[in-house]
Amino acid sequence: MVQPGGQLPWVLLDLDGTLLDYDRAEEEAVRRTLAGVGLPADADMVARYRRINARHWSALERGVTTAARLRTERWAELLDATVPDQDRDVGPEVLASSYVEHLAAGAYLLPGAEAAVAELAGAFRIAYITNGLADVQRPRLAASALADLGEVLVISDEVGAAKPAAAIFEAALRAMGGPHPRVVTMVGDSLSADIAGGRAAGMPTVWVAPKEQPWPTDPARRPDHRIGAIGELPALLRG
Ligand SMILES: [Mg+2]
C-alpha cells in the first residue's frame with residue numbers, strides 16, 4: 001500500500017463488478033470445488049450454486065443468517081438438491097473450505113481497471129470497499145495490481161455491516177482518517193449497495209453500468225454520474 005498523501009481527495013472503489021471480475025472467479029471456484037471431489041462441474045451446477053448462494057447472501061443482508069452459517073449451508077443445500085445421501089464421499093464443510101480457497105485465488109481484473117486506478121492514484125487517494133468474506137477478499141485484492149495503488153480496504157465481513165449500511169461507510173471514512181464525505185467519490189456497479197449507500201453517507205457517486213441499464217427511478221439510488229466502463233473514470237473525475 002502507498003504512503004498517505006497530503007490533502008488529496010479520495011476515490012472509494014467497490015471491488016466486485018467494478019474492478020474485479022467476480023463472475024469469472026466464482027464460476028471457476030465452483031467448478032474446481034465440485035470437480036475436486038468428483039461431482040459434476042457443469043453449467044447447471046454453477047447456476048444452481050448461484051441461486052442458492054444469492055438466497056443465503058440475501059438472508060445475511062436481512063440479518064437472518066450469519067457469514068459462518070452461509071459458508072457451509074450453501075454447500076449443504078447444493079448437495080441436498082443434487083447428490084443422494086449414499087453417493088456422498090464428502091460433507092459440505094469440505095466443499096465450503098475448498099471453495100473459499102479457490103475463490104480467494106481468483107483475482108481477475110476487469111478490462112481497463114488497473115490502468116484507471118493507476119492513473120487516478122496520482123491525483124486522488126485510493127480506498128476500496130467491498131461486501132464479502134475477509135479471507136476471500138483480502139487475498140484477491142493482494143493478488144492483483146490494485147493492492148499497491150490503494151491505502152485502505154474495508155470489508156463488510158470485518159466491519160460487521162454491509163453496503164448500503166451507514167456503519168460500513170462510517171468505518172471507511174474512519175480508515176481514511178476522517179475526510180469530509182464530499183471529498184470522497186464513491187464508485188460502484190450496484191445502485192442498491194454502492195450508490196444508495198454512498199449518497200446516504202454524503203458522498204458524490206459514480207455508477208459503473210452499461211448504457212442499456214435503465215436510469216434508476218428511486219431518488220435514493222440516483223448517482224451523480226454514470227460511466228459505461230471503469231476506464232472512463234479518470235477523465236470524468238479530472239473534469
Ligand atoms: Mg460490485
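I'm told N53 meets every condition in (1) in a helix (DSSP H, G or I); (2) more than 16 Å from the ligand (Cβ to nearest atom); (3) polar (S, T, N, Q); (4) under 21 Å from the mean Cα position of the chain (by Cα) except one. Can you identify the failing condition by its number?
(2)
Please enumerate the residues belonging to the range 84-132 that are under 16 Å from R74 (Cβ atoms), touching a Phe, Trp or Tyr at 6+ places or on another chain (Cβ under 6 Å) and touching a residue at least 40 places away in the same chain (Cβ under 8 Å).
L95
Looking at A59, A35, which is the one that is among the small types (G, A, S), away from the ligand (no atom under 16 Å from the Cβ), at pLDDT below 95 and in a helix (DSSP H, G or I)?
Step by step, each of A59, A35 is checked, and only A59 is among the small types (G, A, S), away from the ligand (no atom under 16 Å from the Cβ), at pLDDT below 95 and in a helix (DSSP H, G or I).
May I ask you to say which residue of P92, P139 is of a type outside the set (A, V, I, L, M), surrounded by 15 or more Cβ atoms within 10 Å (Cβ to Cβ) and under 18 Å from Y49 (Cβ atoms)?
Result: P92 is the single residue among P92, P139 that is of a type outside the set (A, V, I, L, M), surrounded by 15 or more Cβ atoms within 10 Å (Cβ to Cβ) and under 18 Å from Y49 (Cβ atoms).
Can you name the strands (runs of 3 or more DSSP E) wholly within the range 154-239 that have at least 1 residues being among the hydroxyl-bearing types (S, T, Y)?
184-188, 205-208
Is it the case, given these coordinates, that A209 is under 19 Å from the mean Cα position of the chain (by Cα) and either under 22 Å from P9 (Cα atoms) or modelled with pLDDT under 95 (or both)?
Answer is no for this residue.
Can you report the number of residues in the range 172-198 which are surrounded by 23 or more Cβ atoms within 10 Å (Cβ to Cβ), in contact (Cβ under 8 Å) with a residue 60 or more places away in the chain, more than 10 Å from the ligand (Cβ to nearest atom) and of a type in the set (G, A, S)?
Residues meeting the conditions: 2.
The values are calculated or read from the model by the stated rules, or taken from the named source; none is laboratory data. Keep in mind the model is a prediction, meaning the values are calculated, not measured. Because the Cβ atoms are built from the backbone with ideal geometry, glycine has one as well, and the counts that use them run over all protein chains shown.
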